[in-house]
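Asker: My questions all concern the structure below.
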Amino acid sequence: VEEKMVTAGVSTKGGGEGGTERDAYFIEAARFLIEKDKASIGMLQRAFKVGFNRAARIMEQLADAGVVGEEEGTKPRKILMSLEQFEQYIEEAI
């Protein structure tokens, strides 16, 4: 089974060559996890029907953006942004 990586036009602030492409599910995944108030790779796998590697990449992108906290062993990650803060982040990043 081949998994295609689809990237969206969401990039980090500054854009241009230094911008980092985000997964197509980045925004949807962030909203989903903020709503659930906890984050795990397994939750992303089940909700978006993606494999472990892609879910892990999305989670790392969310951690880099400050949406979720760092890994704490087997515990779900903490959510660090409210939905309003995330929407503001997206507006500034695009």
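Asker: Going through Leu83, Leu62 one at a time, which residue ends up being within 15 Å of Phe26 (Cβ to Cβ), in contact (Cβ under 8 Å) with a residue 24 or more places away in the chain and loosely packed, with under 14 Cβ neighbours inside 10 Å? Steps first, please.
Answerer: Numbers: Leu62 fails: loosely packed, with under 14 Cβ neighbours inside 10 Å.
Leu83 is the lone residue from the list that is within 15 Å of Phe26 (Cβ to Cβ), in contact (Cβ under 8 Å) with a residue 24 or more places away in the chain and loosely packed, with under 14 Cβ neighbours inside 10 Å.
Asker: Search the stretch 32-46 for residues that are farther than 12 Å from Ile58 by Cα and pair each with any residue that is of a type in the set (Lys, Arg) and buried (at least 16 other Cβ atoms within 10 Å of the Cβ) when their beta-carbon atoms are under 8 Å apart and the residues are at least 6 apart or on different chains.
Answerer: Sorted first by the residue in the stretch 32-46, then by its partner, the pairs are Lys38/Arg77.
Asker: Among the residues of the stretch 25-58, write down those that are part of a loop (DSSP other than H, G, I, E, B) and polar (S, T, N, Q). Even if it seems obvious, please write down each step before you answer.
Answerer: So in the stretch 25-58, the residues part of a loop (DSSP other than H, G, I, E, B) come out as 25, 37-38, 40, 49-51.
Matches in the stretch 25-58: Ser40 only.
Asker: Could you give every pair whose Cβ atoms fall below 6 Å, whose first residue belongs to the stretch 16-27 and is among the basic types (Lys, Arg) and crowded, with 18+ Cβ neighbours inside 10 Å, and whose second residue is assigned to a loop (DSSP other than H, G, I, E, B) and modelled with pLDDT under 70, counting only separations of at least 6 or pairs across chains?
Answerer: Arg22/Val10
Asker: May I pose another question? Quickly run through the stretch 28-52 and pick out the residues that are loosely packed, with under 15 Cβ neighbours inside 10 Å and farther than 19 Å from Leu83 by Cα.
Answerer: Gly42, Arg46, Lys49, Gly51, Phe52
Asker: Please enumerate the residues belonging to the stretch 59-74 that are of a type outside the set (A, V, I, L, M), outside any loop (DSSP other than H, G, I, E, B) and modelled with pLDDT of 95 or more. Can you show your working first?
Answerer: Looking only at the stretch 59-74, we keep the residues that are of a type outside the set (A, V, I, L, M), and these are 60-61, 64, 66, 69-74.
Of the ones still in play, those that are also outside any loop (DSSP other than H, G, I, E, B) are 60-61, 64, 72.
Hits for the stretch 59-74 are Glu60, Gln61, Asp64.
The values are calculated or read from the model by the stated rules, or taken from the named source; none is laboratory data. It should be emphasised that the depicted structure is a prediction, and the values quoted were computed from it without experimental measurement. Heads up, the Cβs are rebuilt from the backbone with ideal geometry, glycines too, and the neighbour counts pull from every protein chain shown.
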